[in-house]
Every structure is written in structure tokens, then in C-alpha cells.
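Down below is the structure, laid out as C-alpha cells.
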Protein chains: 4
Amino acid sequence: MSFGLLKGKTGIIFGALDENSIAWHVAERAHEEGARIVLTNAPVALRMGAIQTLAEKLQTEVIGADATSEEDLENLLTRSMEIFGGKIDFMLHSIGMSLNVRKKREYTDIKYDWMSKTFDISAISFHKLMQTAYKLDAMNDWGSILALSYIAAQRTFPDYSEMAESKALLESFARSFGYHWAKKKNVRVNTISQSPTLTTAGSGVKGFDEFFAYADKMSPLGNASAESCADYCISLFSDLTRMVTMQNLFHDGGFSNMGMAPEVLE
Amino acid sequence: MSFGLLKGKTGIIFGALDENSIAWHVAERAHEEGARIVLTNAPVALRMGAIQTLAEKLQTEVIGADATSEEDLENLLTRSMEIFGGKIDFMLHSIGMSLNVRKKREYTDIKYDWMSKTFDISAISFHKLMQTAYKLDAMNDWGSILALSYIAAQRTFPDYSEMAESKALLESFARSFGYHWAKKKNVRVNTISQSPTLTTAGSGVKGFDEFFAYADKMSPLGNASAESCADYCISLFSDLTRMVTMQNLFHDGGFSNMGMAPEVLE
Amino acid sequence: MSFGLLKGKTGIIFGALDENSIAWHVAERAHEEGARIVLTNAPVALRMGAIQTLAEKLQTEVIGADATSEEDLENLLTRSMEIFGGKIDFMLHSIGMSLNVRKKREYTDIKYDWMSKTFDISAISFHKLMQTAYKLDAMNDWGSILALSYIAAQRTFPDYSEMAESKALLESFARSFGYHWAKKKNVRVNTISQSPTLTTAGSGVKGFDEFFAYADKMSPLGNASAESCADYCISLFSDLTRMVTMQNLFHDGGFSNMGMAPEVLE
Amino acid sequence: MSFGLLKGKTGIIFGALDENSIAWHVAERAHEEGARIVLTNAPVALRMGAIQTLAEKLQTEVIGADATSEEDLENLLTRSMEIFGGKIDFMLHSIGMSLNVRKKREYTDIKYDWMSKTFDISAISFHKLMQTAYKLDAMNDWGSILALSYIAAQRTFPDYSEMAESKALLESFARSFGYHWAKKKNVRVNTISQSPTLTTAGSGVKGFDEFFAYADKMSPLGNASAESCADYCISLFSDLTRMVTMQNLFHDGGFSNMGMAPEVLE
């Protein structure tokens, strides 16, 4: 499937860790649709090496950046504009990590230093990215900024722990900064609330497999895959969706609007 | 702009009254994107004649149908499948009319016969269309059914009167039938909640111009036009959005998530 | 439990069919809290007789009214004001019935005449009640109008069928008419979205028992009972909640904001 | 107005700075309704002295606590239980402060250290309070925990800046911890989303007066006052609302569900 939807466009994609990553698929699809892209990830993730394989395949560069560092983000954006010979049309924020979950602290026994780091990595990094780009005037008119979210921002999934708050923060940043980006450059800012996905990150969450199966049954179309999420991202980077902004868009096979599926009761 | 997004696809489009209609633009864009379409509207609307001009331009046919008549809908779907030589990939429901508004009855002095007719025309017709297609097994796998809605389904705009309830009904039908269509054929069903639009229908509402200007100020990107709405419909008919279902999608320049715009206060 | 919260207030309560009815408990609690009330129900429901027992217990009257008849509603309101010697402070609409469900028609094979009757009984009756009271100027300042709803208005429960749309309509009427009542008399209008409840009406829905158990597990506090719903109604009739209006209020032990309960997976 | 709704109950109230504070009114009303309460605020706020006047009036004690300090919260809860001779029935979190707003940094030029402090004071303090109470097992069965929020958690009010995110966080904590409190002790956790209020804190926000007038016009019942908010809090501490949990409850005269008020256009 290739339509030339992003022909002449340029974009930065965060979070392509390995072939299971949604961001990996987005990068591939964006390339197919004619965009030039820059890949980025945290230095620690880069050392795993897979992203270089992707960069070669897509004939592009990887620029390491700690998304919690304003300095790194400034460097990323500046160098990307040099590479593109111009401003940026789209950006994907696909970053999330919970220290308390990783270290198996219960939600009722949170370590607050870790919570702050979780928020910084998973959500505030999105504000930092947008603010740095805003100050550098790095986006083209009618550009598109996207972040990946999850329905735990609206409803409680106890095992998801402080990531619920991270996603609530993330979506709020999209709404708040969406106003300013619209006013400055007609740039739109949205989040996609994606089905649970069999990524390396997703798999880390306790009881993920059972939950994945539950969500799959609860969703009339089944869980949305990483591949289909990449397709959806393409539509949101394309000029077909210029007037959609400050929204959280569910890409979940219908999960979010199901109250109870007979399939689950059986 | 043309990407071949709907190449090989077939669709039925309701509600193309004249050049100001959103449906008119959707028909044109769907044609550009490679779809074969059938146009339809109520007999009384057909008599105005403009739709024939569109049909000629798009080298397609017009099949009259009263959307409140199950018989007419059955005929429409059956004949469309004959014309296409196969099943249908997408449908757009763009129908709405309020008798109480048209006849200037206040919301606190509703005539209930008229309200029933309003619901029948503006909302129940959507269920009838989906039910008739369901019984005829008229949709292709992974098809897309769309209806146009308005944010009055969620919030009160006093002059919009009983159309608020019509849209609440419409969106509920999308969620409810979306489940059944997903299970039967992986067909998705969504509504687009569009900005106030300068269509012939929109203009009929009391105080529309002032309200249009207000919404335009309140929306960080301004009101979405009929043309941009057509683009958005194309993305939702295309295979890029296969896992989005049972959603109400705001296409409104950000209006729905603004609490207060400084531009309005000034 | 009795606090005198409704001392000096007058109210009309629809839908007290038998001891399992939420409305039955609301009537008892309102009486305990010092209100004078009038009971009403459809003529067919009155013939079952239980409501007379309640009326005697509460030393009040029953006035039969078909809630779909504007004439009956006018009579009900006029006679109630005569009985009270003044206007009305609160009203509870607790009416719902689906012909297609009762007659076991699938949601994909709806009979539309029945759907219209379902809407008329379950939702439009609420508008008729409010409009009739509005025209008669029958409410006291700072009064409270309530209707009972269900979360199917927001999310899909396939077996709930066209009652989803009935509740979506009902909640929309609350928002729309809430504006007009606020402006006229500072009267508030809200809906309570109640847990599935073991009433005579609830029990009629297919697979209700399994669903009740599922909802009970999904709700961190368990399903809310009819008795606790009555308590909540009292708080919404009292002067403690004067500024809450046009809201749909979940009274459901937390069900509505749960994404997944570990208790369900087990 | 006094009904004995909180007779025999005990509660802790944060944030009673002066007579304009919502918390001040809640303390007075809780006392009237028969509760024994402990007042608390940050040491810096205590030095202003007004809270001592309130404590004398209500014949209660003030325990200073920095709500961002787990140690202070533990001391507060422990000493409160000593004073009460038992556990706690209700708590009100009414704390919010934005460093970036106070220091006039634009939302597009946020200082992130300040943002972290804002979140810690305005939102994470709520988690800390709940977690400390959870570990100490400090709440009685069927207790009630409340925090005050604002609709900027859902929609963008540009001047509200990072407080939007603080409130999104706060509401998410209520949902997440609400699950655990329900399971542990049937305790409910909710937030009230209150109208803009003429408190000392509210007045600090840029353009507050114009905005207050706008919200007042947009709300069919007008803006809800601090006094009426106190009444609403009482209903949510009382046993009438035991099954309401994990909700964000709008107390705003209808603002949240208005799309456009004719009064604003005029």
C-alpha cells in the first residue's frame, strides 16, 4: 500500500526500538508514502543497535536524544532541519516508561522520585519537544504533531499504575499546546489512543498477555495491530486531516465504546 | 490532491443537494480518489436538479430514495450493487432536517409529531440504511459507514433545538450498529462531528451567521470547511483507518476541546 | 436515616411499580425526608395494585397518567398542584420500556413502529413532562428534575438494543431542557446513570443475571442498589446540589471509569 | 441550613486560607452538619493567621503540614486520629498553585523545574495523602475523599497554563486510587470540577475577572459560589452518596455542557 500521501514532507520519529515498535512501522510507512524522516531515540536505546538497521533500510539518519533534555531536543531539531534543508512537517512521540512498574512497586506504595522520572520521560518530554520546536520555529505551516496514548488516561486499569497519569498528562499537553501551535502555524496536535500492542515495551506490564486477550475479545474488530496504527498515523500526518486538532483519537477496534461484549461473558 | 486512496472501491453518497453541500464535495473527492459512486437524495431534493449536474460530471447515476422508507433503501442498495457489479465499500449519511426549527416552534413548545418526523429523517434513517444493508449483506469486508454529526449531541446550543437529540440518536446508532457490523463483516461505523458549515441546510438555523463567527473564533484553526471535511471523509473511507470504529470524530479546528478562547473575550 | 432534607418540599414520582422499583424506594425516602409527594404511573401499571399500598403507607395519592399523553401530564401536574396547594419542587422520571426487546426482535431486525413507541415511552415522555410543566409554570424556583438513565447511552451493550438510543435521547433532553429551566426558574435537570438493578423491569432484559454479576465484579464498590440510588436521588432533590445541572451522574460503584478489573479476568 | 448529615463523622480539611476559600466554607458547613474536623494547611499559609480564627470558631485544631511531604502527612493523619480517638471519615484536598503562572512564564516558555513543583503541590500531594492514609489504614469504611478540580482538565483555557495538566493529573489520581480505596475499605474518591470562584487563589490568574464574567454568562444557573460548593461537598461526604466513586463531578451551573449561550453572543 503506497499512495504518495507524504510526498515532499519531512518528519521526526521517536521510539523505534525494534521491529515490534509502533514507531518502527510508522517510519517504514512514512518512507513508503514519500516522506523523508529522521529517527531518534534515547542513547541507551540506540546502543541496542536495531534502529541502525532501520535507518539504513530507509536511507536516513539516527540522531540520539534524551527526550527529557531540552539541549538534546534542540540539537535534534536543529540537525534535522539541516538534513532536511527546511522545517519539519510531522513528529511522532512514542515514548513511555514507568519506573515504579518496572521495579514492581505497587500503586499504593509509589516511590515519588520514580514517579517524577516516569512523568518526565513519558509525558513532559512531549511538552519539551513542542516547546523547543516552538522556540526554534521548527515546524512548517499545517504540520502535524502526534503522540501515542492509551485509554488508561480515561479509565482505570489497575496494573497500568502510574502510566495512567502519564497518559492523562500527555493528552492534556496535546490539548494545551494544540491551541498555541494552531495559532502560531496552523499546526495540529493530537494523540492516538491505541489498543494494547505486542511491543517490547507493552510486554513489560504485569499480566499483559491475559489483558491483551481480554481487550481483543472486548473489541468488536479485535485489537488494532502496530501495522494498522502506522496506517492511521500516516492519515494524521497527511493533508487529509488538517482540521483535526487537540483530539485524543481511539484506534482500538471499538474497545473504548464497548460497555460489555457478549464474547467476554462466554 | 489525488492519491488513488479509493481505487477499486464503491460507495453511496447521500445528501448532495448543491455545491455547498458537504456530500457534494465528498462525492467529488471520492471520484478523484478513484472510487465509483452512486448518488442519492430524497425525491423532493432531486427535483431541484443540481445533483444531475454532479452525476454527469462524475459519470455516475442518481437513484432517488426517501431515506425513511425501507423499501426505497432496499431498492437503492440493490440497484447500486447491480451498477457496481458487486458489494459496497463505503456509505455517507449526510441527512438532517428539523421540522420544529423550520416552522419556528420553540424548544419549549415542541410539536411532537414533527419531532418524530425530525428523528425519522435525521437519525432513524441511518439505522434503516444500516439494517437494510445488513439484511442484504450489501457491504464488502472492511467497509466504512459514516454519518455527519454535530457537537450539539454533547453540549447545548439552544437554537439548535431538537437537532441536538437527532444527533445524539445518530451517534448512538453508530455505536450500537458498529458492534454488529464489526462482527458480521469487519465494517466500521463512525460519525464525524463537523464545524458549523455554510451549507444551504446550515444557513436555515436561527442566528447562524453570528454563531458561525463565534465558532470560528473559538476554534484555534478556525471552522473546518466543507472541502476539508470531504478530505477527512476520504481518510475514513480509505484502508488507513480500518480499526477506527464506533467513534464520534471531531473535525472542528479544535472547537470541541476549547474551554474559552481569548479571541472570544476580546 | 432521616435528616429532614426535603422538609416543606413537594414532588411527583413516576414509575413505582412494586417494591423492587427504584422509584418505590425514592418515594419512601422522600417521605422520610419530609417531602409531600404524589405518585403516578401508567394506567396499566396501576391495575397491578401495589402502588396503592405504597400510597397508603405514605399517606398520599396516586394519579394515573400515560406519560406519552400531554393531556394526562397536564392533568397530573394540575391536580398535583391542587393537592400540594402550590407548585412542585422535584420530579423523578423513572420510565423505560423497549417493545423490540420485549418482543425479542434483534437490533439488526428492528421494527420501526415499535422503536418509535419505545422512544416515546422511554425518552420523549421526559420532554413532554418538562414542556407541560414549563407551560403551566408548575415548578418552584430552585427545583430539581431527575431521570434515571443507563451507561448504554455512552457505550454499547448489545443486548440492551434500542434502549441505548432511548437513554441517549433522555440524557440529551436533560441537557437541552436544562438550559431553558435554568433560565426560567433556576430549576436544574439531571440524569442519574445507575448500575444494573434487580428491578422487575431490569430482569426482562436477555442475559440479565450474568450481566449483573459481571457489572458487580467490574465495579470496585459493587453494583449500586435501588436503596442507595434512592439516597442519591434525595441528595439531588435537596438544596445541597442547587448548582448541579445538565449533568449525567454515574451512580454505579465505579463501573463507568473502570477499563478492566482484575476481578473479571480471574 | 443544618441537617445533621455528618453527625458522628470526622474529617480533615486542607486549604482554608481565608474567608474566600472554598475549604473555609466546607469546614464551617461540616461543623454545622455535626462533624468533628481538623484543619490543615502549609506552614507558610498558617503564618497568615486567619485559619486560627476559623479553628477557634469551630473549636478545633490546626495541624500544619506541607502536603508534598510524606512525613508531614503521616504526622497529620496520626495526630488527627489521636484527636478524633478513631479513624477518619472524609478528607478534602483543596490545594493548587502554579509557579509558572505566578512568575508569569508563558505556556510556551515553561520552566520545567517549576512545572514539577506545580505538579507536586497541586496534584501529587493528593496521591501522597491517599497513599499515606492507605498505609496507615487511616480511613473508616465507607469514607469519602474529595479533591477540587477545574474543567481545564478537559478543555483548554490558555491562561490557565500548566494548571490544566495539574488538574488532569489530580483527576486521574482520583480514578486510579479510587479503585484501591474501594477494594480496601469501600472508601470513595471523587473530584468536584467547580466554577471559577472568587477566591484569593483564583484571583491570581491573568484576566480572571473577564473570564469569571464570561463563565457566569455561559452557565445557565450562573457560576457556582464557594458557599454552594461547600453544600455540594457535604452531600458527597454524607452517606447519601456512598456508591459514587472515581467520578469527576461538575458543579458549575451547567457551564460544562453548554456549547454556546445566546447570552454570550449578545
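Annotations
- Largest first, the residues C:212, D:208 sort by 1.4 Å accessible area into C:212, D:208.
- In this structure residue A:53 has an accessible area near 90 Å², from a 1.4 Å probe over the protein heavy atoms.
- Cα-based Rg / Dmax (Å) for the protein assembly as shown: 28.2, 85
- Springs between Cα atoms under 10 Å define the GNM used for chain D, and in it the highest mean-square fluctuation of D:149, D:176, D:21 occurs at D:176.
- Of B:217/C:183; A:128/D:103; B:104/B:167; A:183/D:104; A:128/A:184, pairs whose Cα-Cα distance is over 24 Å: B:217/C:183
- What separates the residue A:142 label point from its copies, with the point 7 Å along Cα to Cβ, is 2.8, 5.5, 6.1 nm, written shortest first.
- Averaging the sequence gap over all C-alpha pairs within less than 8 Å and six or more residues apart, then dividing by the number of residues, gives the range C:95-214 a relative contact order of 29 percent.
- At a probe radius of 1.4 angstrom, the accessible area of chain A per residue rounds to 33 square angstrom.
- Probe 1.4 Å - accessible area at residue B:233, Å² to nearest ten: 0
- If you take the Cα centroid of the range A:130-192 and the Cα centroid of the range A:45-76, the two points sit 21 Å apart.
- For residue D:32, the solvent-accessible surface with a 1.4 Å probe is about 90 Å², rounded to the nearest 10.
- Amide H contacts of residue A:193 (H built 1.01 Å from N, under 5 Å, at least 5 apart or other chain): A:149, A:249, A:250, A:251
- Translational D in µm²/s for the range A:181-247 (Stokes-Einstein at 25 °C, 0.890 mPa s, Kirkwood Rh from C-alpha pairs): 177
- Vicinal HN-Hα couplings computed from phi for the range B:172-184 (Karplus, 6.51 cos²θ - 1.76 cosθ + 1.60; Hz; Gly/Pro x): 5, 4, 4, 5, 5, 6, x, 4, 5, 5, 4, 5, 6
- Residues along the range A:168-200 losing 50 Å² or more of accessible surface when the other protein chains are present rather than the chain by itself (probe 1.4 Å): A:169, A:175, A:176, A:179, A:180, A:183
- Residue-wise HN-Hα couplings along the range C:70-81, as the Karplus relation 6.51 cos²θ - 1.76 cosθ + 1.60 with θ = phi - 60° gives them from phi, are 4, 5, 4, 5, 5, 4, 4, 5, 5, 5, 4, 5 Hz; Gly and Pro carry x.
- Chain C has one residue whose beta-carbon comes closest to the axis relating it to chain A; that residue and its distance in whole Å are C:264, 4.
- Largest first, the residues D:217, A:87 sort by 1.4 Å accessible area into D:217, A:87.
- Cut-off under 5 Å, modelled amide H: who pairs with residue C:245 long-range: D:252, D:253, D:254
- Nm distances between copies for residue D:213, ranked from closest, using label points 7 Å along Cα→Cβ: 1.9, 6.2, 6.3
- Alpha-carbon centroid distance for the pair the range D:232-266 / the range B:234-266, whole angstrom: 25
- Helical mean residue ellipticity (222 nm; -39500 (n - 2.57) per DSSP H run of 4+; nearest 500) of chain A: -12500 deg cm²/dmol
- Only protein atoms count toward the accessible area here, which uses a 1.4 Å probe; on the range C:10-265, the carbon and sulfur part of that area reaches 48 percent.
- Evaluating 6.51 cos²θ - 1.76 cosθ + 1.60 at θ = phi - 60° for every residue in the range B:187-195, the Karplus couplings come out as 7, 9, 9, 9, 10, 9, 9, 9, 3 Hz, glycine and proline recorded as x.
- Within the shell of other residues whose beta carbon sits under 15 angstrom from the beta carbon of residue D:46, the net charge comes to -3, with Lys and Arg scored +1 and Asp and Glu -1.
- Exam field: residue D:2 pseudo-label spacings to other copies (7 Å along Cα-Cβ), nanometres: 2.1, 8.0, 8.0
- In this assembly, the D-C interface accounts for approximately 3500 Å² of buried accessible surface in total, computed with a 1.4 Å probe and without ligands, DNA or RNA.
- Threshold 40 Å², the range D:107-130 residues less accessible with all protein chains present than alone (1.4 Å probe): D:107, D:108, D:112, D:124, D:127
- Amide hydrogen neighbours beyond the local backbone of residue C:139, cut-off 5 Å, H modeled: C:88
The values are calculated or read from the model by the stated rules, or taken from the named source; none is laboratory data. Because the structure is a prediction, the values reported are computed rather than measured. Neighbour counts run over all protein chains shown; Cβ positions are idealised from the backbone, glycine included. Just so you know, the surface numbers come from the protein's heavy atoms only, side chains and all, with ligands and any DNA or RNA stripped out. Shrake-Rupley method; radii C 1.70, N 1.55, O 1.52, S 1.80 Å.
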